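Worksheet for the structure shown next.
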Amino acid sequence: MIRLRNVSKSYDGGLTFAVREVDLEVRPAELLVIVGESGSGKTTTLKMINRLVEPTSGMIVVDGKSVSESDPVDLRRRIGYVLQEVGLFPHMTVEENVAVVPELLGWDREEIHRRVEDLFALVGLDAGSFRLRYPAELSGGQRQRVGFARALAAGPRIMLMDEPFGALDPITRGGLQFEFRRMQQQLRLTVVMVTHDMMEALLVADRICVMEKGQIVEVATPSELLTQAVHPYAAALVRSPKEQADRLEALSKASGA
Amino acid sequence: MNFEENLGEQLQLLPDYLAHHMLLTASALLLSIAVCLPLAFLVVRVRSLQWPVLSFASVMQTVPGIALLALMVAVLGQIGFVPALGALVLYSMLPILRNAVTGLTGVDASIVEAATGCGMTRGQTLFRVQLPLAAPVVIAGIRTSAVWIVGTATLSTPVGATSLGNFIFSGLQTQNSLAVIVGCVSAAGLAILLDQAIRLLELSWRARNRVLRTAVAVAMLAGFGAGLSPLLSRQPASEASSIVVGAKTFTEQYILAQVIKRTVEREGIPVRTRTGMGSTVLFEALASGSIDCYVDYTGTLWANILKRGEIAPGREMLQEISDWLTEHYGIHLIGTLGFENTYALAMPRQRAVELGIATIGDLSRHAPELRMGSDYEFYGRPEWAGLRDRYGLAFRELRSFDPTLMYAAVHEGEVDLISAYSTDGRILLYDLQVLADPLGALPPYDAVVLLSGSAARRSDLVQALGGLLGFLSEDAVRRANKMVDLDGASVAKAADFLLSEVAAKKKAIEP
């Protein structure tokens, strides 16, 4: 579905690299999570897929076609894009935000209206009470649901997500992660998601791609990573969630005893 | 003139001045928006252009409005609406540009990225996201500009564009403070109205209420149309055959323009006046045919237009000026009105009698004990150098005053004599003796009627004006000036007086 071949990005003419010689394949209907700390190149990698950032070298193929040969505007309309909550347009109502891409694609009014209703139901928002509100009047979780609805509006097969749960409080985050995972499986979406939170990656991903200093150090399923991480940096990243899980288990055993 | 009469006279002028002012203001504002918004989009995208473009707008802002207007006249080679419009657009760019750039660059980068990520083109991102989000700041800039334009447009009177400034300029010159107040109050009112109208338009837009939006737009258009209606109802036919009489910015000129207007209208030729124009602007306007007629003075033309330094005898000077103007500009000098408005040395009559002074020649004996007062420029002019050298004048003290204070100063004995303007009404008020110039050291400043080439070809016009030539005495003009400057009479009244003087003189010489 998405393939990156030897992709590099340098902002200073090749002195330093934000992303270096990355090879990555995302399978259809797979949820792939890229994990790394800030500056690891994970967001740059994500943005090269919909050409918000142009690679310095290498090739990216989406749906069998090299993105450098696709019209960027067309490409982006076919790919859903979710950012942290600030990505909603503050001067538009919730409904208008969701309808942005269908409108750009020139759908007729009736069709857009029906689609918006469906999307509200899909992301679990009550259309009647939310349609005409502005983003500033919503909670963080509600805003992120609107963000999902907007990204899904034109029925994309692929979705790119940049720290989608980053700004949410822990309780909301857990619920939304779970719901999103269900939605992704139901719609058979191919998703690339970026996060710095390894626990989140372990809980939602089909596969996890660990990046460090612009390079991929390991790609593996969550369980492989937990049990047999090869690269020392990847092993270090899973240590903390593992310890938390062990501690929780110990606690629940202690109280159960 | 009593208050009601004066107010009535001013208010009668209001619809026409207001309509011109509104047309000028609205055109300048719309043009400025049309230029500045695309320019703002450009410099937001091409950062390297930001500094030069904003600096240019800042520089335009620092040029005094009146200087910018005069420069536009020189650059465009014409007077009236177009140069005024150009100057106002240049003058009003900065707030619109600066606010638009600030507003557009201030939009959260992540929102712009979201727009791009959704698949919006650059244009769609600009119009659907950046511009709506920047709108409050952009509109604040437009409102600032609108108020500036309304205010600055009052300065377009001296370049020949009719505006509410006509009240202010003529009022200041003819000591009619009511006219000044009418001009200021209507300009201020217009500024507030326009500002609030833009605000209302913005609010109705933001309310997303189609009915309200339409209602506000219709109301604004109706108000604007009503304001402009005096312009629309004007007969274009009369415009074509009418002539335009210009006037400089002092009382005598306002009165003479009225006198000419009445005289010519009596022959069935429609006349419009363009008063309160700068001296050189007026000459350029005549040369280009934007106006048809005005009164100038030989000494002024000699020094400022012919650029001659030496002083020639009156008759020779007149002939030379006349030939030169026709040859170089196609302007016709049809004759002198009969009076001079020249520099003249004057002192209180009683004092002159005491000292036995009747001419400038008599002054030299007493000069070492006398103090002289003058306006700011006189001591730097060739007239003074000529006087001083020809008569050997060495006064005890030379002082400079504002022209209006100079007369009071000589009256109150602060100085012993002044360089007066020979037709100033205050010579009569303070009973000053004008000293004769037997050596002819002061150049002649004969009032002459100038016609543009096309106006000079109209025999009816030339004949009508011929009836005035030689019939205006210095004394009569001085009295007319005094009526306006000191007795609070209207310009129209003073013109009536001069016309009756002309008629009386004609009767006296007719058999």
Tell me yes or no: at least one residue of the range B:490-501 is within 30 Å of B:Leu7 (Cα to Cα), assigned to a helix (DSSP H, G or I) and among the polar types (S, T, N, Q). yes
Inside the range B:411-421, can you point out the residues that are modelled with pLDDT of 90 or more and either closer than 23 Å to B:Pro382 by Cβ or in contact with a Cys (Cβ under 9 Å, 6 or more places away or on another chain) (or both)? B:Val415, B:Leu417, B:Ile418, B:Ser419, B:Ala420
In this structure, does A:Tyr134 turn out to be within 11 Å of chain B (Cβ to nearest Cβ) and hydroxyl-bearing (Ser, Thr, Tyr)? no
What residue, among those in the range B:1-51 that are surrounded by 19 or more Cβ atoms within 10 Å (Cβ to Cβ) and more than 28 Å from the chain's Cα centre (by Cα), is nearest to B:Ala146 (Cα to Cα)? B:Cys36
Got a number for residues in the range B:420-431 being assigned to a loop (DSSP other than H, G, I, E, B) and either open to solvent by 20 Å² or more (accessible area, probe 1.4 Å) or among the acidic types (Asp, Glu) (or both)? 3
Hey, among B:Leu398, B:Leu405, which residue is part of a helix (DSSP H, G or I) and open to solvent by 60 Å² or more (accessible area, probe 1.4 Å)? B:Leu405
Restricting to the range A:1-49, name every residue that is buried (at least 18 other Cβ atoms within 10 Å of the Cβ), of a type in the set (S, T, N, Q) and closer than 22 Å to A:Gln84 by Cα. A:Ser40, A:Thr43, A:Thr44, A:Thr45
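Per-residue answers, yes or no, for (1) without any contact (Cβ under 8 Å) to a residue 12 or more places away in the chain; (2) assigned to a loop (DSSP other than H, G, I, E, B); (3) among the β-branched types (Val, Ile, Thr):
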residue	(1), (2), (3)
A:Gly128	yes, no, no
A:Leu132	no, yes, no
A:Arg145	no, no, no
A:Ala154	no, yes, no
A:Leu160	no, no, no
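In the range B:155-185, how many residues are buried (at least 20 other Cβ atoms within 10 Å of the Cβ) and either free of Cβ contacts under 8 Å to residues at least 24 places away in the same chain or more than 26 Å from B:Leu486 (Cα to Cα) (or both)?
Result for the range B:155-185: 8.
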Meets criteria (modelled with pLDDT of 90 or more and either loosely packed, with under 15 Cβ neighbours inside 10 Å or closer than 20 Å to B:Leu126 by Cα (or both)) for B:Leu54: no
Of the residues in the range B:374-395, how many are surrounded by fewer than 19 Cβ atoms within 10 Å (Cβ to Cβ) and hydroxyl-bearing (Ser, Thr, Tyr)? 2
Looking for whichever is free of Cβ contacts under 8 Å to residues at least 12 places away in the same chain, touching a strand residue (DSSP E or B) at 6+ places or on another chain (Cβ under 9 Å) and buried (at least 16 other Cβ atoms within 10 Å of the Cβ) here; the options are B:Leu355, B:Leu442, B:Leu370, B:Leu417. Which one fits? B:Leu355
Matching residues in the range A:100-126 - criterion: being more than 12 Å from chain B (Cβ to nearest Cβ), more than 22 Å from A:Asp169 (Cβ to Cβ) and open to solvent by less than 20 Å² (accessible area, probe 1.4 Å): A:Ile112, A:Val116, A:Leu119, A:Phe120
Going through B:Gly373, B:Gly335 one at a time, which residue ends up being at pLDDT 90 or above and on the phi > 0 side of the Ramachandran plot? B:Gly335
If you go through A:Val100, A:Val61, A:Val86, the only one that is modelled with pLDDT of 90 or more, closer than 19 Å to B:Met120 by Cα and over 13 Å from the mean Cα position of the chain (by Cα) is A:Val100
Counting only residues that are under 17 Å from the mean Cα position of the chain (by Cα) and surrounded by fewer than 19 Cβ atoms within 10 Å (Cβ to Cβ), the range B:78-102 contains a total of 3
Which condition breaks for A:Leu52 when tested against (1) more than 8 Å from chain B (Cβ to nearest Cβ); (2) hydrophobic (A, V, I, L, M, F, W, C); (3) open to solvent by 40 Å² or more (accessible area, probe 1.4 Å)? (1)
Sort out which residues of the range A:38-49 are modelled with pLDDT of 90 or more and away from chain B (no Cβ under 14 Å), and write them in order of number. A:Ser40, A:Gly41, A:Lys42, A:Thr45
Kindly indicate the residue of the range A:68-77 that is within 8 Å of another protein chain (Cβ to nearest Cβ) and over 14 Å from A:Arg150 (Cβ atoms) and also most open to solvent (accessible area, probe 1.4 Å) among those meeting that condition. A:Asp74
Is the range B:215-237 home to any residue that is surrounded by fewer than 24 Cβ atoms within 10 Å (Cβ to Cβ), in contact with a Gly (Cβ under 7 Å, 6 or more places away or on another chain) and part of a helix (DSSP H, G or I)? no
Matching option when the condition is open to solvent by 20 Å² or more (accessible area, probe 1.4 Å) and either part of a helix (DSSP H, G or I) or touching a Cys at 6+ places or on another chain (Cβ under 6 Å) (or both), among A:Met183, A:Met199: A:Met199
For the range A:157-176, what are the residues that are more than 14 Å from chain B (Cβ to nearest Cβ) and crowded, with 16+ Cβ neighbours inside 10 Å? A:Arg157, A:Phe165, A:Leu168, A:Thr172, A:Arg173, A:Leu176
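The values are calculated or read from the model by the stated rules, or taken from the named source; none is laboratory data. All values reported here derive from a predicted model rather than from experimental measurement. All Cβ positions, even for glycine, are placed from backbone atoms using ideal geometry, and neighbour counts span all protein chains on display. Note: accessible area is taken over every heavy atom of the protein model, side chains too, but ligands, DNA and RNA are not part of it. Shrake-Rupley method; radii C 1.70, N 1.55, O 1.52, S 1.80 Å.
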